[in-house]
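First the structure, in the form of structure tokens, and then the observations on it.
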Amino acid sequence: MLDNSTTDVIQGTLDMLILKTVSLRPIHGFGIARRVEQISRGVFKVNAGSLLTALQRLERAGWLDSEWRETENSRRAKFYALTRAGRKQLDVETADWNRRASAIARLLKAEA
Amino acid sequence: MWRHVTRGARALIHRRETDRDIIDEAQHYFDEAVAALMACGYTREDADRTARIEIGSLTRIREQARSYGWEHTVETVLSDVRFAARGLRKNPGFTVVAALTLALGIGATTAIFSVLNPILFQPLPYPRAERLVIWDIFEGARADTTFHTYQEIAARSRSFEWLATVDGLPWQPTIAGASRPARLDGQSVTADYFRVLAVGPSLGRNFTVEDDRFRGPKVVIISDGLWRRRFAGDRGIIGRKIRLDDDLYTVIGVMPRRFDNVLGPATEIWKPQQYETGHIADFDSEEWGHHMHMAGRLRAGVSVAQAKQELADIARTRIAEFPRPRFASLTSGFIVDSLKDQVTRGVKPALVAVAGAVVLVLIIACVNVMNLVLARGAGRRGEFAMRAALGAGRTRLTRQMVTESLLLAITGGVLGVFIAKVGISTLIALSPAGLPRLGDIELSGTVFAFASVVTGAIGVITGLIPSIELSRRDPLSGIQQSSKRIAGTHHAAPQMLVISEVALALVLLVGAGLLLRSLERLFAVAPGFDPSHLLTLQVQISGHRYDSDATRWRFYARALEAVRRVPSVASAAETSLLPFSGDQYGAYGVQFEEDRRGYDVSRYAVSSGYFETMGIPVRRGRPLRDYDTVGAQQVAVISESLARRQFPHGDAVGKRLHLGPIDRPWCVIVGVVSDVKQGSLADNQTDAVYIPSARSWFADDAMSIVARVRGDATAARGDIEKAIWSVDKDEAIVNAATMDNLLRESGAERRFAMIVFEAFAAAALLLAAIGVYGVLAGAVAERTREIGVRAALGASKRAIVGNVIEQGAKLVALGGAIGIVVAVAASKALTTLLFGVSRLDPLTYAAVAALLGAVAVVACSVPAWRAARVDPVIALRTE
């Protein structure tokens with residue numbers, strides 16, 4: 001299912017990816033991992049342990065809310081939703097990331 | 001932040017649910033992954049396996065997720081604590097001894113700290129107390145200053161925000177009332193006294209300059225204690241008139257309950273001095289008497305050094321406006337102290353010595369526990385080595401040992417606080433009368449903080465040092481060790497600990513020994529009279545009907561008559577100055593006819609029968625008799641020391657002297673009596689002149705009655721008081737005490753230091769003995785096999801015992817030698833407390849060394865005996 005080009009999520013971006021994913025709609029842990037993989041077309045692979053730890057951290061920071069709910073295939077799962085503070089944080093991190101990414105892109109271009 | 005705390009706490013409290021949550025979430029994750037794989041066409045088994053490979057083990061995920069948050073750290077610590085507690089419970093002997101040792105050390109230290117804290121460390125209980133200074137004038141020695149000197153300083157100095165004087169002459173008014181008359185301890189102060197201290201009355205108003213003018217209004221401020229006791233805390237007291245010594249005084253203020261009057265802790269009532277300021281050129285006036293304490297509050301921005309400089313400048317330059325008599329010329333300047341130094345100066349040496357002693361005890365207690373930990377560590381070397389081999393890091397092992405010792409220390413600390421509580425009340429009960437700020441000695445927050453810090457520090461130290469020592473040993477030998485196939489190697493650390501313990505114990509023993517010998521020497525000093533069966537009490541004259549000297553003398557004579565009629569009284573007499581009573585202001589000048597040289601001597605105005613009642617031997621001539629009060633000739637009796645000084649070759653009897661004012665007729669010396677110690681047994685000033693009280697140039701307003709009683713001296717007190725009140729029921733009787741008690745009290749400060757030292761030294765000796773025992777017992781246990789082999793090879797019991805004893809003796813001898821060297825240096829701190837014994841007294845050192853040796857022998861003999869009983873067969877079979 002996964003090829004060799006899979007890598008771990010870039011250090012420090014996991015939080016942002018989670019926030020972004022959750023911002024679309026309330027979603028459970030596996031859903032997040034799956035979406036990150038799908039949308040990145042399998043480039044990023046999310047480690048389950050890191051993901052669950054990160055979810056705890058984000059919830060503790062007040063950026064996520066959680067709730068146990070039934071899934072569509074009637075399993076009980078913990079669903080995460082973005083809070084107002086979480087949205088703000090996502091904006092901050094996104095802007096920050098864009099700034100850095102474009103800086104790196106410029107640097108690479110200049111070298112080429 | 002808050003969220004972190006609350007969520008963490010919730011997670012911690014609902015650990016099971018939180019765990020459940022994580023487990024469920026991980027499980028769900030896994031299930032979804034499997035479902036997703038199956039949706040891609042995997043069979044259930046394949047999907048399961050693939051998910052497991054991709055996701056990793058569920059347990060690992062759970063562990064990882066669980067390790068998040070501060071509560072996780074708490075949990076690790078808790079599990080360490082649980083593990084440590086289990087270990088301690090498994091080894092109750094070690095735990096009890098170690099915890100009790102620490103409890104003793106922490107308790108003793110905390111108790112002593114609580115005494116030292118308000119006296120030495122806390123500022124005085126006044127706002128910006130560091131700006132308070134007090135001074136005396138310097139005349140070869142500290143001397144109280146005079147009112148007119150104060151006036152000059154007040155007018156000329158610019159360094160002080162407020163200045164005041166307190167009269168050193170006692171003002172002890174008798175307060176009349178429904179109940180028995182009571183004598184109060186009062187202070188005469190200048191108007192700004194309370195402003196210097198920056199504490200004002202909580203009710204009513206402060207003194208003003210108007211109150212303090214000559215012949216001003218009779219007003220007083222009273223203490224909270226007096227207000228509650230005598231006036232039931234009635235707020236209407238302000239403006240009310242109370243009767244003191246037959247005069248009506250208006251109460252204008254009540255001081256706050258927390259007001260601590262360090263310049264007179266017993267004071268309950270204050271009045272303005274109202275000295276005359278105008279007659280400064282009259283050098284014979286009362287205002288030129290040396291009985292003032294001058295205190296001031298420095299202006300903001302003025303340093304103590306600047307104030308000293310200014311006072312020195314004022315002392316050096318005279319101005320016409322402020323003439324100075326010869327006896328207050330200020331040529332030697334002032335001695336300026338901070339108020340705090342002044343208050344603590346008297347008790348500091350004893351307290352510092354006691355503090356030093358308690359630190360030694362604490363160190364010994366710690367050393368002992370470290371030793372126990374090491375000894376236990378030796379037994380657990382196998383465990384540690386195994387764990388190290390299995391990958392436990394050095395930090396992990398250290399952390400666990402420190403957790404264990406912290407747990408021990410905290411147990412000890414909690415017990416210690418109880419010990420401290422008992423200790424504090426014991427210390428207060430034992431404390432010498434001069435100990436200031438007694439009311440503030442308590443288990444305060446500061447004291448608790450101190451105890452906690454000490455406990456924590458001890459916990460860390462007693463865990464860290466042994467763990468460093470243990471971790472230095474290599475794990476491989478540790479594992480081999482635990483299988484007991486190899487004879488133990490000797491480790492230096494426990495031995496060094498024991499040596500230091502023995503040395504410290506010896507230092508304490510020397511201190512205790514020196515103090516004990518001092519006290520022995522002190523009480524071996526003859527007071528100069530026979531204190532047994534003597535009851536003493538003081539009668540304070542009060543009221544205008546005793547304004548004339550004649551009425552006073554008549555009252556004293558009738559009171560003495562009445563006391564002599566009490567059946568249990570064998571004999572009785574009166575004196576103006578009673579030895580060991582704390583009476584002051586008995587010093588007057590004496591001049592002899594021969595050379596007109598002057599001395600300061602104690603003036604005793606006494607009744608007939610004084611020498612007989614006190615049991616003071618008459619050396620030459622005769623004692624004072626009843627007829628001396630009426631005869632034409634004025635007579636006096638002098639002390640032996642004075643006679644020897646003035647008439648080294650001739651007889652004093654028949655010579656003539658003046659006591660006090662020189663315009664009085666000469667007194668003929670009719671007798672010489674043996675020297676009497678006045679202030680304390682350590683006094684060496686015993687020059688005294690005795691005159692018949694009724695022939696004195698003034699009638700004292702308080703006289704002490706001494707009664708030699710048949711049987712128990714205290715039992716006669718009620719009858720004697722009744723007899724005095726039968727003459728005048730309104731006169732206050734104070735300070736009733738037996739002479740035996742007064743004598744004992746006079747050594748209170750030394751006794752206090754000695755009892756504390758003895759207790760500490762005993763504890764130290766016991767701990768050192770346990771230490772020696774522990775090391776030897778450990779060594780014998782470790783060497784069981786070796787000893788067994790030796791025994792099997794034919795070593796005699798004697799040789800084996802000798803070997804163990806030798807090992808112990810080496811430790812003790814080395815420790816003792818180091819201890820003696822340290823004690824020689826440390827005993828300097830004790831010199832002011834010693835009496836009649838050198839701090840290097842060889843007898844004390846020898847006795848202490850012998851005691852230590854004897855205890856060491858006992859401590860060594862048990863392990864030696866155990867070594868001798870090692871059965872080679874069993875020892876070799878224990879493999």
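Counted residue by residue at 0.36 nm each, then reduced by the alpha carbon distance between them, the extension gain from B:L169 to B:R257 reaches 29.1 nm. Accessible-area loss of 50 Å² or more (1.4 Å probe, protein heavy atoms, chain alone versus all protein chains) is found in the range A:23-55 for A:F30, A:A48, A:L52, A:T53. For A:S23, neighbours were defined as the other residues whose beta-carbon sits under 14 Å from its Cβ, and their charges (Lys and Arg +1, Asp and Glu -1) total +2. Under the combined filter of DSSP loop state and at most 11 neighbouring Cβ atoms within 10 Å, the range A:23-53 retains these trypsin sites (Lys or Arg not before Pro): A:R41. Could you state, as a whole-number percent, how many of the C-alpha pairs of the range A:19-90 are farther apart than 15 Å? Result for the distance tail: 53 percent.
In this view, the solvent-accessible surface of B:Y68, computed with a 1.4 Å probe and all protein chains in place, comes to about 30 Å². When the Gaussian network model of chain A links Cα atoms closer than 10 Å, the mean-square fluctuations of A:N98, A:N73, A:N47 top out at A:N73.
Which length gain, in nm to one decimal place, applies between B:S571 and B:V858 when the Cα-Cα distance is subtracted from 0.36 nm times their residue separation? Intermediate values should be presented prior to the final figure.
Numbers: separation 287, 0.36 × 287 = 103.32 nm, distance 5.55 nm.
Length gained, B:S571 through B:V858: 97.8 nm.
Heavy-atom accessible area for A:T94, with the other protein chains in place and a 1.4 Å probe, reaches approximately 50 Å².
At R0 = 56 Å, how high is the FRET efficiency between B:W666 and B:N91 if r is their beta carbon distance? Nearest 0.05 is fine. Don't skip to the end; give the middle numbers.
Working: r = 86 Å, r/R0 = 1.53.
It comes to 0.05.
Of the heavy-atom accessible surface of chain B (probe 1.4 angstrom), what whole percent is carbon and sulfur? Looking at chain B in its full context, I get 58 percent from C and S. With the whole protein complex present, B:D337 retains an accessible surface near 30 Å², based on a 1.4 Å probe.
Chain A contacts chain B over a buried accessible area of about 2500 Å², both sides summed; the probe is 1.4 Å and only protein chains count. Along its principal axes, the range B:296-370 has C-alpha extents of 72, 32, 15 angstrom, given from the largest down. Sparse packing (at most 16 other Cβ atoms within 10 Å of the Cβ) combined with a DSSP loop state is found for the following trypsin sites (Lys or Arg not before Pro) in the range B:569-608: B:R596, B:R597.
What's the Cα-based Rg to Rh of chain B, Rh via Kirkwood? List each step's numbers first, then the result.
Working: Rg = 37.8 Å, Rh = 33.7 Å.
We get a ratio of 1.12 for chain B.
Rounded to 0.05, the FRET efficiency of the B:D549 and B:A825 pair, given R0 = 56 Å and the Cβ-Cβ distance, is 0.45.
Count Lys and Arg as plus one, Asp and Glu as minus one, and take only other residues whose Cβ is under 13 Å from that of B:S532; the net charge is then 0.
Hey, can you find the accessible area per residue of the range B:608-674 for me, probe 1.4 Å, expressed in square angstrom? Present the calculation step by step, with values, prior to reporting the outcome.
Details: 3050 Å² over 67 residues.
That works out to 45 Å² for each residue.
What percent antiparallel are the DSSP beta bridges of chain B, to the nearest 5?
Numbers: 66 of 84 bridges.
Expressed as a percentage, antiparallel bridges in chain B total about 80.
Computed on protein heavy atoms with a 1.4 Å probe, the accessible areas place B:T165, B:T208 in the order B:T208, B:T165, largest first.
Only helical DSSP H runs with n ≥ 4 go in: add -39500 (n - 2.57) per run for the protein assembly as shown, normalise by residue count and round the 222 nm mean residue ellipticity to 500 deg cm²/dmol.
Theoretical 222 nm ellipticity from helices: -17000 deg cm²/dmol.
Protein heavy-atom accessible surface, 1.4 Å probe, per residue over the range B:542-604: 47 Å².
Among A:I27, A:I18, A:I39, the largest mean-square fluctuation in a Gaussian network model of chain A (Cα springs under 10 Å) belongs to A:I39. Taking 7 Å steps out from each Cα toward its Cβ at B:A748 and B:A492 produces label points 5.2 nm apart. With both residues required to sit in the range B:159-313, DSSP beta bridges show an antiparallel share near 70%.
Remark: spin-label model distance B:D683-B:R15 equals 7.1 nm, labels positioned 7 Å along the Cα→Cβ axis. Pairs with C-alpha atoms separated by more than 29 Å, drawn from the list B:K218/B:K729; A:K45/A:K109; B:K348/B:K810; B:K218/B:K308; B:K340/B:K828; A:K20/A:K78, are B:K348/B:K810; B:K218/B:K308. Taking only the alpha carbons of the protein assembly as shown, we obtain Rg and Dmax values of 41.8, 141 Å in that order.
If you model the range B:283-418 as an ellipsoid using its alpha carbon gyration tensor, with each semi-axis the square root of five times an eigenvalue, the axes come out at 66, 18, 12 Å, biggest first.
The values are calculated or read from the model by the stated rules, or taken from the named source; none is laboratory data. Computed from a predicted structure; not experimentally measured. As a convention, Cβ positions derive from the backbone with ideal geometry for all residues, glycine included, and neighbour counts pool all protein chains shown. Accessible surface areas use protein heavy atoms only, side chains included; no ligands, DNA or RNA. Shrake-Rupley method; radii C 1.70, N 1.55, O 1.52, S 1.80 Å.
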